[in-house]
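Before any comments, here is the structure.
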Protein chains: 4
Amino acid sequence: MKILVTGFDPFGGESVNPALETVKSLPDTIAGAKIIKLKVPTVRYQSLQVIADAIAIHDPDVVLSIGQAGGRSDITVERIGINVDDFSIADNAGNMPADDPICPDGPDARFVTLPIKAMVEKIRKKKIPASVSNSAGTFVCNHVTYGVCQLLATKYPGKKSGFIHIPYLPSQVVEKKNTPSMSLELLTEGITAAICAIVEQQDM
Amino acid sequence: MKILVTGFDPFGGESVNPALETVKSLPDTIAGAKIIKLKVPTVRYQSLQVIADAIAIHDPDVVLSIGQAGGRSDITVERIGINVDDFSIADNAGNMPADDPICPDGPDARFVTLPIKAMVEKIRKKKIPASVSNSAGTFVCNHVTYGVCQLLATKYPGKKSGFIHIPYLPSQVVEKKNTPSMSLELLTEGITAAICAIVEQQDM
Amino acid sequence: MKILVTGFDPFGGESVNPALETVKSLPDTIAGAKIIKLKVPTVRYQSLQVIADAIAIHDPDVVLSIGQAGGRSDITVERIGINVDDFSIADNAGNMPADDPICPDGPDARFVTLPIKAMVEKIRKKKIPASVSNSAGTFVCNHVTYGVCQLLATKYPGKKSGFIHIPYLPSQVVEKKNTPSMSLELLTEGITAAICAIVEQQDM
Amino acid sequence: MKILVTGFDPFGGESVNPALETVKSLPDTIAGAKIIKLKVPTVRYQSLQVIADAIAIHDPDVVLSIGQAGGRSDITVERIGINVDDFSIADNAGNMPADDPICPDGPDARFVTLPIKAMVEKIRKKKIPASVSNSAGTFVCNHVTYGVCQLLATKYPGKKSGFIHIPYLPSQVVEKKNTPSMSLELLTEGITAAICAIVEQQDM
């Protein structure tokens, strides 16, 4: 079993993205599954193209994307991606679309196909705070959540995908007021636990 | 140089107190200063008595107390203790005083005597979020902040004291919604950095 | 032009629901449109049935539902309803479904068909805080957001619907700690402004 | 009985200060007490001078100052002022002192002398959210809280003073994200209730 795990590059003035750092910190094998790591640009469409290319090359069973959700306190497993780009800040190529469909012919939204409740449960068993989220926003994170679900549904019906949002790293909030964070060690342990839940479900 | 570092036992239904865990995790020597560790009951007056006894026995140069501030995101170095016990929950002996002076003959409040800005700066240099707080509340944490300042001012004018509030541990917020936390590793590193700032100032 | 405006009855231990109070406070005509007011039970399916019955009787052009979002600071116009009931508290009939589709044959989600950005803009012009929300949750509010969209899409393609979440009333948060609220006067003025935006768009 | 009620002018880039608006909206007599209204500049020392001048002219029995606490959800009655100016933004004259005592010869802090719990209770009876606060910050609001207490304690021992922080007005948060506010009507009703509690206590 192969799992493609993606992490975005830094955006919004940050010099680091906890998602990319966490992906880099993952072991190469988790619960027997081979982990393929991919850095993804925080740019609409280009992000999806980079992931589509990696799927074509590596033929993974699962695509799990990780993104930064600055301000959240815990690891949040997203339930759904919605078919709209509505950016309140520019992406890394300067795009700032408003109420623009990601895929004009696609459905309004797509539920992710990974076992979100089992993933949350597995992270919590490690004593790491986690919960289900019902919105991945309308920025590039949602773009990838929806876009990968749409790609798999239309081209690779046997593959599954999902998205996990993670808090800032502590170093990112030193100058921010009252902003929660999570250490790289816990983030790595949490994402590893989530991947274990994915493997267990796929194996059933 | 000797520093007495105190940590409260768990209260308010928690099974662990990050303050006590952090104190236990500190090395026995920091920047050349001997660290004396003390567990303190989360009980008004009794907490102060235990600290007063330890001061009498160990004759420390500095008393640094650590307490849990559930809901805060960063390590907060307290600026002041105020002369009032006004508990919204019971302490571990069932006391729940309302607007009761800690020391009827004492001043309304006392500034701590440790270098709070230097302590925050030193923690932040380790890339760990920290800030000054202007209120230690009106529960046992403030009781100790004020009470120790008052004790030193009246009996041991050469000694200094202060208080640091720390966030929940991640394990404590697994079942809490949207609540920030900090790992024991970062807490320990942060408190160690704060103690370094204290030693540097004392050495000047 | 006729607009059916619905408000839920109190739930979750509250004795009042700001949505119902606001609906009751609306004038009978707004910008020339007739306002039909409907109280809706906070119960899955039953809520939708009551609305479906009212649509059959009154034949409105627009269905606008209002619900309480305790903890939010501003009036939030929902963008989408998703096809899942996943209640963390029981509804008023004791139902507590987990990850249950609202409509097993329906799409994963449906965008509301009202002009959400124009509605937000119109409320803000009245100097009342408002924003777009990308999640109506997974309780009865989302059930109605999705369910009404699904009903109109399949049975009444010419009609439009949407959902607005509003904060607690001040009286509801007197005993809650650090919880935002909004006065009934502002809520009524805000919802009236949103309805003006709906009428303007329909008239175009 | 005469009560001097003060409100600051706008600061920090705001075009309005809810404190000043609320003070202007108060009736001229509350529970039989004459209300003297005073606009105060958000400038250290100058604020205190303006209040001291008004005390000399009007000889009030009570001085109640009102200030904006952006981000708070409810009306907060302050318990204490502390003897330090430590501004994170400049006041309206460009002053930005760091850790500077307000009154070098004064005590570290002074409890306000108004009945804070009775004031909170009276506001809550009007179904308006209110609570006691243990920190007025370290900006001009605290400067006035401490400074007036110190002035009265040293020059006018028979007079009493206190401070109330209030949330933003709704119009101030239209462009701010997730920020609580309170309508001018509720603020005025809340401060009026607090003044009733003051009059009742003074009459006893």
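The values are calculated or read from the model by the stated rules, or taken from the named source; none is laboratory data. Please read these numbers as outputs of a predicted model, since none were measured by experiment. For neighbour counting, all protein chains shown are included, and Cβ atoms are generated from backbone atoms with ideal geometry for every residue, glycine included. For the accessible areas, the whole protein counts, side chains as well, though only heavy atoms, and no ligand, DNA or RNA atoms are used. Shrake-Rupley method; radii C 1.70, N 1.55, O 1.52, S 1.80 Å.
Close amide H contacts of B:Val112 (hydrogens built in the peptide plane, cut-off under 5 Å, sequence separation of 5 or more or a different chain): B:Ile80, B:Gly81. Proximity of backbone amide H atoms, modeled 1.01 Å from N, is registered between C:Val40 and C:Gly7, C:Phe8, C:Asp9 at under 5 Å, excluding neighbours fewer than 5 places apart on the same chain.
With its label point put 7 Å out from Cα toward Cβ, A:Glu121 sits 4.7, 5.0, 5.2 nm from the same residue's point in the other copies, in order from shortest.
With 50 Å² as the minimum drop in accessible area between chain alone and full protein complex (1.4 Å probe), the qualifying residues in segment C:78-99 are C:Arg79, C:Ile82.
Distances between placed amide hydrogens fall under 5 Å for C:Ala130 paired with C:Ile75, all partners being 5 or more residues away or on another chain.
Phi angles across segment B:170-183 convert, under the Karplus curve 6.51 cos²θ - 1.76 cosθ + 1.60 with θ = phi - 60°, into 3J(HN,Hα) values of x, 4, 6, 10, 4, 9, 9, 8, 6, 10, x, 8, 9, 6 Hz, Gly and Pro given as x. For segment C:36-42, the Karplus equation 6.51 cos²θ - 1.76 cosθ + 1.60, evaluated at θ = phi - 60°, returns couplings of 9, 9, 9, 8, 10, x, 7 Hz by residue, with Gly and Pro reported as x. Rg/Rh for segment B:48-180 (Cα atoms only, Rh after Kirkwood) is 0.98.
For label points placed 7 Å from Cα toward Cβ, what is the shortest-first list of nm distances from A:Lys39 to its copies? Distances to the matching label points in the other copies: 4.8, 5.7, 6.1 nm. Applying both filters, DSSP loop and at most 16 other Cβ atoms within 10 Å, to the GluC sites (Glu not before Pro) of segment B:1-108 gives B:Glu14. Each residue of segment A:7-13 is assigned a 3J(HN,Hα), and the resulting list reads x, 6, 7, x, 8, x, x Hz, derived from the Karplus form 6.51 cos²θ - 1.76 cosθ + 1.60 (θ = phi - 60°), x at Gly and Pro. With both residues required to sit in the protein assembly as shown, DSSP beta bridges show an antiparallel share near 25%.
Here the protein assembly as shown was treated as a single set of alpha-carbon atoms; its pair distances binned every 20 Å from 0 give 15, 42, 35, 8, 0 percent. Oblate is the label for segment B:23-63, because the ratio a/c of its alpha-carbon gyration tensor axes (a ≥ b ≥ c) is 1.5 or higher and a/b is not greater than b/c. Computed over protein heavy atoms with a 1.4 angstrom probe, the accessible surface ordering of B:Phe139, D:Phe87, largest first, is B:Phe139, D:Phe87. Distance to the C-onto-B rotation axis is smallest for one chain C Cβ; residue and value in angstrom are C:Asn178, 6. Taking the average, over residues, of other Cβ atoms within 10 Å as the packing measure, peptides A:92-102, B:123-133 rank B:123-133, A:92-102 from highest down. Within the straight-line cut-off of under 16 Å between alpha carbons, the aspartates and glutamates reachable from C:Lys24 are C:Asp9, C:Glu185, C:Glu189, sequence neighbours fewer than 8 places apart in one chain being disregarded.
The residues of chain D have, on average, 38 Å² of accessible surface per residue, using a 1.4 Å probe with all protein chains present. Sorted into 5 angstrom bins from 0, the C-alpha pair distances of segment B:1-85 split as 3, 13, 23, 25, 22, 11, 4, 0 percent. Distances, shortest first, from the label point of B:Lys2 to those at the same position in the other copies read 6.0, 6.5, 8.6 nm; the point lies 7 Å along Cα to C-beta. Taking Cβ atoms as reference points and 14 Å as the exclusive limit, the residues near B:Ala193 contribute a net charge of +1, counting Lys and Arg as +1 and Asp and Glu as -1. Per the helix-only calculation at 222 nm, which mean residue ellipticity applies to chain D, given -39500 (n - 2.57) for every DSSP H run of n ≥ 4 and division by its residues, nearest 500 deg cm²/dmol? Here the helix-only value at 222 nm equals -10500 deg cm²/dmol. With r defined as the distance between the Cβ atoms of D:Cys103 and A:Asn178 and R0 fixed at 22 Å, what FRET efficiency is calculated, to the nearest 0.05? The formula returns an efficiency of 0.15 here.
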